[in-house]
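Let me begin by presenting the structure, written as structure tokens, before commenting on it.
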Amino acid sequence: MQTIVPENKYSIKYFPDKIQKWEKEGNFFYFHTSETILEVRIISDKVIRFRYAADGIFKRDFSYAVSPELKESIIAFQITELEDVFQISTSKINVLVGKEDLKITITDQSGQVVNQDEMGFHWQYYLLKGGKIVYCSKQIQEGESFFGVGDKPTELNLRSKRLENFGTDSYGFKKDTDPLYKNIPFYYGLHHGIGYGIFFDNTFRTLFDFGQERPEAASYWARGGQMNYYFIYGPQLLEVAEQYTRLTGTPELPPLWALGYQQSRWSYFPDTRVKEIAQEFRSRHLPCDAIHLDIDYMEGFRCFTFSQENFPDPAALTTELAAMGFKTVAIIDPGIKVDPDYWIYQQGIEKGYFCKRADGALMEGDVWPGKCVFPDFTNPDVRKWWSQLFKKMADLGIRGIWNDMNEPAVFEIGTFPEDVRHDYDGDNCSHRKAHNIYGHLMSMATAEGVKKHLMPHRPFVITRSCYAGAQRWTSVWTGDNLATWEHLWLASVMVQRLSISGISFAGSDIGGFIGEPDGELYIRWLQLATFHPFMRTHSASNETNFDQDPWSFGEKIEHIARKFLGLRYRLLPYLYTTFWQYAAHGTPMLRPLCFVAQDDPETHYRDDAFMLGDHLLISPVNQAAMKSKDVYLPRGEWYYYWNDRKFEGGETVTIPTPLNEIPLFVKAGAVIPKYPHMEYVGEKRIIEMTLHVYYSDQAAHSILYEDAGDNYGHLEGQYNVIRFKQISDANQVRLKKKYIGNFKSDYLRYRIIFHGVPFEATEYVVDGKVRRLGARNFAVGTVKVVVDRVFEEIIIR
Ligand code: GLC
């Protein structure tokens, strides 16, 4: 064993020494030094896991993040012994393991270094707490950028930043507040046009340093547990994102209504107020699908109860709301009130389901209800018990559950003391190891229960805290933000970052949770959120009596809100298709510019624009009184959504920003599907789907996914994946359509609107049948036709 000369006797750092022997077992390689063993697991030709036993003994191989469906998908790889290294090669990359020091280098097929250990794996005994601090440091390559790590409220590119994962209740967080609510120990590196990812699967407090401590090193470490990381090769960042998401699990499709607009406040009460809000939406024709009940629906903040006084008949309430097209979502926190007369408390005590301190006393702490105890969600029996509690909620007509305060938050002391004990699925541990997965497992147990008891409906769950992989069962929001312009920008960056960290189903409290936005800030935020997968207004306005509803800022703002909520609903088929791509392939729904144009260095430090799905580019207005905005467009052709003006990408364009528009661009070649106007999902039968086709002389592909939007028929083939291909030239536009699937959609025809047609069209040909274009088919630069749903090819000429 080699050592580094200590600063003091507690900080000796230990390093592996030379390899003495190696062995192979299937897809696993083991390299033994005098004390340390390195296990290399070949998962695919691009994904390799590295796991170290510092002193020769591996800990249990267990993960709350990795998808249970993960399987090796590779048979062809080989090992070669070279002079200084062992080289394991797949068809895409080579892993070089240093014979003298166990250091790792990863190269691509051309021999270019993708990632290389600097000090590599090393460790330190953690004398004060027990166990080890495990480190890994990598060399920063020339011009390297870093991305990822969950919800951090800072610039998108993480170069020269240090970040920490230790879920924290961060009421009123600021730019650069760290740690925050979520714990996603996963990052991307990008240099020389090559992207890769590293997922450090360790639930202890983890730290990441991208050149802040030492400009030449990117390192990550954990205050306990083992060094266990997955290396994911791209070279495209988007491919890394897809593989990471598949590694930690893809989500199921949500009910379509959950992609609609949702309205919340801490709190709407009593029940008559909730109904009033619902009626306001309908009478003002503001589209909305869900209303959230914050903690005041409960009896003294006791979870799974309803206030006798304020919500005497919850089933009647949810029924009435449902009749108006609203789904009810209710909050559930982990803190269970200490109250010997309360059934949940009684059951938990009787079964020993609440967390205990090291000396055996219950872990007690204050949250909303006063003194509370907390279920140990790391115990599978507790999760089972918890999940069946949602039967009651489902029976009362609750269609979604909102999990909060699950970092876990405890007033005054912040969170649990470190000595609290956890089951950790049969591998008892202290809170140091379980802290970062507490909210994760709470939301998992919640989602299991909600799903089971809502059958045949699809569940909706949202959580504030989680660990990597939570996308399998939950959506998230960014927590207690502020009504400021800086927070609007932060919301945009954080939702992008969550999206590339595996969690696309994310959004922020529109208008800000704390403080009072003016109409301008509110509407600019709502415009941004129109393009966020989770779209909800929420605010802590109970404290100030300040209303934050779309009509609270006067008629002008309400009018613009109606326009954007309307747009949200018309875009649902596009959003849902984008969600399907995420669910089927792991493709993030929001894509920072760098993730769509990584070869263009102009994109590497930009975070004020992003793409939603394959075709829409959004650049939110994030300053007051902004008259115009400079937007950098990646290479290619773009249409300005609001007037069809065409732009050549690869440069910055200046766009006027009247209050009723957000800079929004469509990629040339796109087919954007749209629903007719609606005020909530299921309001009416959709008999016509509109396709907006944006002319391009380059062949272009688009997808439309459709199914019933609820229930599970899509798992039995009742879905359609419709693929469009546009192949056009200076004289004609040709759109081909192919589909697979068995879903009988309601609509009978497509209204197709061709934008940017560069010639005088006189006729259109549908599946070989020629028809003349009449006057009604034209508007400026556009051609409109209506065709039967079953068409296979349409040509405009
Ligand atoms: C936390 C949540 C917030 C919620 C409040 C009351 O601050 O983050 O969204 O409204 O608790 O439940």
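The values are calculated or read from the model by the stated rules, or taken from the named source; none is laboratory data. Values in this document were obtained by computation on a predicted structure and should not be read as measured data. Note that we place each Cβ from the backbone using ideal geometry, even for glycine, and neighbour counts take in every protein chain shown. In case anyone asks, the SASA skips ligands and DNA or RNA and just uses the protein heavy atoms, side chains included. Shrake-Rupley method; radii C 1.70, N 1.55, O 1.52, S 1.80 Å.
Output the residues belonging to segment 490-512 that are β-branched (V, I, T) and away from the ligand (no atom under 14 Å from the Cβ). Show your work before the answer.
Initially, segment 490-512 is screened for residues β-branched (V, I, T), giving 493, 495, 500, 503, 510.
Of everything in segment 490-512, those that are β-branched (V, I, T) and away from the ligand (no atom under 14 Å from the Cβ) turn out to be V493, V495, I500, I503.
When the criteria are applied in full, W266 fails the requirement of being open to solvent by 10 Å² or more (accessible area, probe 1.4 Å), in contact (Cβ under 8 Å) with a residue 60 or more places away in the chain and part of a strand (DSSP E or B).
Just one of (1) hydrophobic (A, V, I, L, M, F, W, C); (2) surrounded by fewer than 24 Cβ atoms within 10 Å (Cβ to Cβ); (3) touching a residue at least 60 places away in the same chain (Cβ under 8 Å) fails for A316. It is (3).
Here I557 meets the list (1) within 16 Å of the ligand (Cβ to nearest atom); (2) among the aliphatic types (A, V, I, L, M); (3) under 23 Å from S619 (Cα atoms); (4) surrounded by fewer than 24 Cβ atoms within 10 Å (Cβ to Cβ) almost entirely, failing just condition (1). Under the condition of being open to solvent by less than 20 Å² (accessible area, probe 1.4 Å), farther than 16 Å from P255 by Cβ and within 16 Å of the ligand (Cβ to nearest atom), the residues counted in segment 386-413 number 8. For segment 308-324, the condition of being closer than 30 Å to E706 by Cα, part of a loop (DSSP other than H, G, I, E, B) and within 16 Å of the ligand (Cβ to nearest atom) holds for none of the residues.
Across segment 414-425, the qualifying residues are those that are assigned to a loop (DSSP other than H, G, I, E, B) and surrounded by fewer than 18 Cβ atoms within 10 Å (Cβ to Cβ), and the one among them that is nearest to the ligand (Cβ to nearest atom) is P417.
Restricting attention to segment 249-261, which residues are in a helix (DSSP H, G or I) and in contact with a helix residue (DSSP H, G or I) (Cβ under 7 Å, 6 or more places away or on another chain)?
Residues satisfying the conditions are L256, L259.
I need the full set of residues from segment 75-91 which are buried (at least 17 other Cβ atoms within 10 Å of the Cβ) and closer than 23 Å to V240 by Cβ, in order please. F77, I88, S89, T90, listed by residue number. Which of the residues that make up segment 158-202 are outside any strand (DSSP E or B), away from the ligand (no atom under 16 Å from the Cβ) and open to solvent by 10 Å² or more (accessible area, probe 1.4 Å)? Hits for segment 158-202 are R159, S160, K161, F166, K175, D176, D178, H192, G193, D201.
Condition first: out of contact with any strand residue (DSSP E or B) (no Cβ under 9 Å at 6 or more places or on another chain), modelled with pLDDT of 95 or more and either open to solvent by 10 Å² or more (accessible area, probe 1.4 Å) or part of a loop (DSSP other than H, G, I, E, B) (or both). Can you find one or more residues in segment 224-233 that meet it? No, segment 224-233 contains no residue that is out of contact with any strand residue (DSSP E or B) (no Cβ under 9 Å at 6 or more places or on another chain), modelled with pLDDT of 95 or more and either open to solvent by 10 Å² or more (accessible area, probe 1.4 Å) or part of a loop (DSSP other than H, G, I, E, B) (or both).
When the residues of segment 471-489 are filtered to those that are within 16 Å of the ligand (Cβ to nearest atom) and outside any loop (DSSP other than H, G, I, E, B), the one that is surrounded by the fewest Cβ atoms within 10 Å (Cβ to Cβ) is L482.
Residues are listed down the side, and each one gets a yes or a no for (1) among the hydrophobic types (A, V, I, L, M, F, W, C); (2) touching a Phe, Trp or Tyr at 6+ places or on another chain (Cβ under 6 Å); (3) modelled with pLDDT under 95:
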residue	(1), (2), (3)
G669	no, no, no
L704	yes, no, no
V721	yes, yes, no
D729	no, no, no
D746	no, no, yes
F754	yes, no, no
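The set of residues in segment 56-73 being more than 25 Å from the chain's Cα centre (by Cα) and either among the β-branched types (V, I, T) or open to solvent by less than 40 Å² (accessible area, probe 1.4 Å) (or both) consists of G56, I57.
Among the residues of segment 236-257, which ones are of a type in the set (S, T, N, Q) and either modelled with pLDDT under 95 or in contact with a Phe, Trp or Tyr (Cβ under 8 Å, 6 or more places away or on another chain) (or both)?
T245, T248, T250
Condition check ((1) in a loop (DSSP other than H, G, I, E, B); (2) within 30 Å of I740 (Cβ to Cβ); (3) within 43 Å of the chain's Cα centre (by Cα); (4) not small (G, A, S)) across all residues:
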site	(1), (2), (3), (4)
P758	yes, no, yes, yes
Y764	no, yes, yes, yes
R776	no, no, no, yes
V785	no, yes, yes, yes
F791	yes, yes, yes, yes
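When segment 371-385 is examined, which residues are found to be without any contact (Cβ under 8 Å) to a residue 60 or more places away in the chain and either more than 26 Å from D480 (Cα to Cα) or open to solvent by 20 Å² or more (accessible area, probe 1.4 Å) (or both)? Listed by number, the residues that qualify are K371, N379, P380, D381, W385. If only residues of segment 264-295 that are closer than 22 Å to F513 by Cβ and among the small types (G, A, S) are counted, the one that is farthest from the chain's Cα centre (by Cα) is A278.
Being surrounded by fewer than 19 Cβ atoms within 10 Å (Cβ to Cβ) and either within 16 Å of the ligand (Cβ to nearest atom) or outside any strand (DSSP E or B) (or both) is not true of D151. Look at (1) within 16 Å of the ligand (Cβ to nearest atom); (2) open to solvent by less than 10 Å² (accessible area, probe 1.4 Å) and you find that G515 fails only one, number (2).
Checking the structure you have, find out if any residue of segment 80-94 is touching a Gly at 6+ places or on another chain (Cβ under 7 Å) and in a strand (DSSP E or B). Within segment 80-94, one or more residues are touching a Gly at 6+ places or on another chain (Cβ under 7 Å) and in a strand (DSSP E or B). In segment 329-358, of all residues being away from the ligand (no atom under 16 Å from the Cβ) and in contact (Cβ under 8 Å) with a residue 60 or more places away in the chain, the one that is surrounded by the fewest Cβ atoms within 10 Å (Cβ to Cβ) corresponds to A358. Here segment 118-148 is the region considered, the condition is being closer than 21 Å to G211 by Cβ and not in a strand (DSSP E or B), and the residue that is most open to solvent (accessible area, probe 1.4 Å) is E142. Among the residues of segment 449-462, is any in contact (Cβ under 8 Å) with a residue 12 or more places away in the chain and within 14 Å of the ligand (Cβ to nearest atom)? Looking for residues that are in contact (Cβ under 8 Å) with a residue 12 or more places away in the chain and within 14 Å of the ligand (Cβ to nearest atom), one finds at least one in segment 449-462, hence yes.
Taking the numbered list (1) touching a residue at least 60 places away in the same chain (Cβ under 8 Å); (2) surrounded by fewer than 23 Cβ atoms within 10 Å (Cβ to Cβ); (3) within 16 Å of the ligand (Cβ to nearest atom) in turn, Q548 passes all entries but (2).
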